[in-house]
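J.: Supplied in structure tokens, the structure appears directly below.
FYI, it's all coordinate maths here, none of it is from the lab. Keep in mind the model is a prediction, meaning the values are calculated, not measured. Methodologically, a virtual Cβ is constructed for each residue, glycine included, from the backbone with ideal geometry; neighbour enumeration extends over all protein chains shown.
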């Protein structure tokens, strides 16, 4: 802990550079904190870059130093740790003159690599332009290679089972990476079955290329007594309690939840309509229609070979809470469980021309069947993570990261004598899907969208 007393107390320093030279405001100062009114740093497992927004109130002509291409160095001295962000400004907007001498404007920023991505092309056949076509190896080349984004940041990746055969037609590096994430298969096979569901994202520790199952395994391994390891990318498990705060606003309040909301409960009707738990996964071969994996031998879809069910795939997935995890579907009313196992939605995937797995090119139908299965697995993997959602705001903590985990203890609204028990549905370990650190020059809060797939 730092010497800051109150939860959420911070101090900040913000400076602007162009071509390596630190820029002065018209008053001769380098630190622009006196003009900073509000700020936000955003991370998400669905975003390949950090994003930041700074709101300035300008009565000294500081807007003249911005062209929309400067490097911004932003240091936050927080109550848990201190971190410096180096970001690239790319847009200046919403300028308003609030009086004769004062303007308010917003500066949008992203990671430098995201800006470089716009001017780099990937062209050619994968086995010609990459030494190794295994998924994580290609991602490493694109992120850290001198001919591509040339990032000095850490890259934490999971190896895949399969190699990638494709032709890049002047793709940007991130276009190429996203193509790979949708087609990568884990080396680990639970019960002999394939797993996929990869994601590529950036948080304050670096870049990550991992499957959702791997991310969940890592969260289950986290401990409140083991600190964050920046070299390995492992993080500390912070435990947050929803309870009244003390009047002194001291250190113990650092790990109490300021506010909590429930973004959405599962809509049972929409779940049935969209095939959230059960459906058909089918493949379409645009080159050879006769090779299309259309699911069944006969006209009856109920006989389809590629019928997917969450009740069957659940035990093949990793779950938050480990062995104590319970599938929420098992708690559905008995007279509705039969509806969950009744397929409605049919999902199609375009099949490649016998190049998914070169080892099985003598039996192309095997390739097709694997792709069709993996489409269903990837869909159910993400949908199951959405079983329980929480939006919480806590005192600012820079040691929380998108893709990592957090533990929440929430009391039930039901009392048993003088004791209040933990809510088994909403308490437990969650994945941090998005996190926004936001505040003023003096205070900070961390707002998180949390998801988990199981109940205790």
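J.: Neighbour counts of other C-beta atoms within 10 Å: give me 326, 372 arranged from fewest to most.
T.: Least to most surrounded, the residues fall as 326, 372.
J.: Could you give the length gained by full extension between residue 86 and residue 386, i.e. 0.36 nm per residue of separation minus their alpha carbon distance, to one decimal place? Don't skip to the end; give the middle numbers.
T.: Numbers: separation 300, 0.36 × 300 = 108.00 nm, distance 3.24 nm.
Full extension of this stretch gives 104.8 nm more.
J.: Just order 259-265, 127-133, 446-452 by mean Cβ neighbour count inside 10 Å, highest at the front, would you?
T.: 446-452, 127-133, 259-265
J.: Please compute the contact order of the chain in relative form: average sequence separation of alpha-carbon pairs under 8 Å and at least six residues apart, divided by the residue count, as a percent.
T.: Numbers: 1006 pairs, mean separation 80.5, N = 456.
About 18 percent, as a whole number.
J.: Let me ask another. Can you compute the modelled spin-label distance between residue 24 and residue 159, with each label point 7 Å from Cα toward Cβ, in nm?
T.: According to this spin-label approximation, the distance is 5.6 nm.
J.: Here's something else I'd like to know. Tell me the mean residue ellipticity at 222 nm calculated for the chain from its helices only (DSSP H runs of n ≥ 4, each -39500 (n - 2.57), averaged over every residue, nearest 500).
T.: Result for the chain, helices only: -4500 deg cm²/dmol.
J.: Going by a ≥ b ≥ c, the root eigenvalues of the Cα gyration tensor, does the chain fall in the rounded group (a/c under 1.5), the prolate group (a/b larger than b/c) or the oblate group?
T.: Working: a/c = 2.26, a/b = 1.32, b/c = 1.70.
Oblate is the answer for the chain, as a/c is 1.5 or above yet b/c matches or exceeds a/b.
J.: What FRET efficiency, computed as 1/(1 + (r/R0)^6) with R0 = 60 Å and r the Cβ-Cβ distance, is obtained for residue 67 and residue 412, rounded to the nearest 0.05?
T.: Computed FRET efficiency for residue 67 and residue 412 comes out at 0.65.
J.: Subtract the Cα-Cα distance of residue 443 and residue 132 from 0.36 nm times their separation in residues, and report this length gain in nm to one decimal.
T.: Answer, rounded to one decimal: 107.2 nm.
J.: Also: For the chain, what is the percent of antiparallel DSSP beta bridges, rounded to the nearest 5?
T.: 85
J.: Enter the angle in degrees (range 0 to 90, nearest 10) between the Cα long axis of helix 212-221 and the first principal axis of the Cα atoms of the chain, meaning the one along which they spread out most.
T.: 60
J.: Among 437, 274, what is the fewest-to-most ranking by other Cβ atoms within 10 Å?
T.: Listed from fewest to most nearby Cβ atoms, that is 274, 437.
J.: How tilted is helix 135-144 with respect to the longest principal axis of the chain? Cα atoms for both, answer in degrees (0 to 90, nearest 10).
T.: Tilt relative to the chain: about 20 degrees.
J.: Can I ask one more? With a ≥ b ≥ c the root eigenvalues of the C-alpha gyration tensor of the range 65-217, is it rounded (a/c under 1.5), prolate (a/b larger than b/c) or oblate? Could you put the intermediate results ahead of the total?
T.: Details: a/c = 2.76, a/b = 1.79, b/c = 1.54.
Prolate.
J.: If R0 is 30 Å, what FRET efficiency do you get for residue 221 and residue 331 from their C-beta distance, rounded to 0.05?
T.: 0.65
J.: Quick one: if the Förster radius is 41 Å, what FRET efficiency do residue 348 and residue 104 give, using the C-beta to C-beta distance and rounding to 0.05?
T.: So, using R0 = 41 Å, E works out to roughly 0.25.
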